[in-house]
Amino acid sequence: MYESLEEAPMIRGLHGLFYSSEVDAMRAFLRDVLRLPFTDVGQGWLIFDLPEADIGVHPVDDEASSGKHDLSFYCDDIAGTVADLRARGATFDGDIEDHGYGLVTYFTMPGNVRVQLYEPRYEKKRARAAARPARARPARRAAKPAARAVAPARAAGRAKAKPGAKATKAKGKARPKAGARARRR
């Protein structure tokens, strides 16, 4: 996926929390109405998995509003999603409205937790990446028998490469520094 560890993002995802006075009903709503996949970590705790997430940063009108955060769910077809969720018992607070960045509505989950549902007007980066044809990667070549014979020679007292040694070229390809292969795994 990434050519090097330096290219890999440090943050792999987002873990959000809903605080509810009706914890069991809220978990059942996420599981049964929204049909989110989950992991049961024991003692009634369900951790729900989302296929993707994003974060936006919004300005505030007054300093007292700073520090607030919201969670929204998004979908590809808001009208169809609203109809489906209503059929499973979700209660929506109003009609679908155009907010510029997308089509928006709100529903309330158990414990009086109000959540935005929207259909974005902008294209998600992952959606663009998924739409692109995959780059063909060269097939890995099997090691030649002569290359495998190096291990016994090292065991017989031949010096090993020192960690941090400069990369060397073998048949026109750069070899990674010692230890780099282990870090990539």
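When the range 33-88 is filtered for residues that are closer than 20 Å to LEU117 by Cβ, at pLDDT 90 or above and either under 19 Å from the mean Cα position of the chain (by Cα) or among the aromatic types (Phe, Trp, Tyr) (or both), the ones remaining, listed by number, are LEU34, ARG35, LEU36, PRO37, PHE38, PHE48, ASP49, SER72, PHE73, TYR74, CYS75, ASP76. Of all residues in the range 3-42, those that are among the β-branched types (Val, Ile, Thr) and in contact with a strand residue (DSSP E or B) (Cβ under 7 Å, 6 or more places away or on another chain) total 2. Considering only the range 82-103, state which residues are farther than 18 Å from ASP54 by Cα and touching an Asp or Glu at 6+ places or on another chain (Cβ under 8 Å). Matches in the range 82-103: ARG88 only.
Residue by residue, here is whether (1) within 15 Å of LEU30 (Cβ to Cβ); (2) out of contact with any Gly (no Cβ under 7 Å at 6 or more places or on another chain); (3) touching a residue at least 24 places away in the same chain (Cβ under 8 Å); (4) not in a strand (DSSP E or B) holds:
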| residue | (1), (2), (3), (4) |
| --- | --- |
| LYS68 | no, yes, no, yes |
| ASP76 | no, yes, yes, yes |
| ALA83 | no, yes, no, yes |
| THR105 | no, no, yes, no |
| LEU117 | yes, yes, yes, no |
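Would it be correct to say that ALA28 is of a type outside the set (Asp, Glu) and in contact with a Gly (Cβ under 7 Å, 6 or more places away or on another chain)? Answer is no for this residue. Is it true that PHE48 is in contact with a Leu (Cβ under 7 Å, 6 or more places away or on another chain) and surrounded by 10 or more Cβ atoms within 10 Å (Cβ to Cβ)? Taking the combined requirement at face value, the residue satisfies it. Among the residues of the range 16-37, those that are closer than 23 Å to GLY80 by Cα and assigned to a loop (DSSP other than H, G, I, E, B) comprise LEU34, ARG35, LEU36, PRO37. Take the range 62-100 and flag every residue that is surrounded by 11 or more Cβ atoms within 10 Å (Cβ to Cβ) and among the acidic types (Asp, Glu). Across the range 62-100, the qualifying residues are ASP77, ASP84, ASP93, GLU97.
The values are calculated or read from the model by the stated rules, or taken from the named source; none is laboratory data. Everything numeric in this text was worked out from a predicted model, so none of it was measured. Ideal geometry is used to build each Cβ from the backbone, glycine not excepted, and the neighbour counts take in all protein chains shown.
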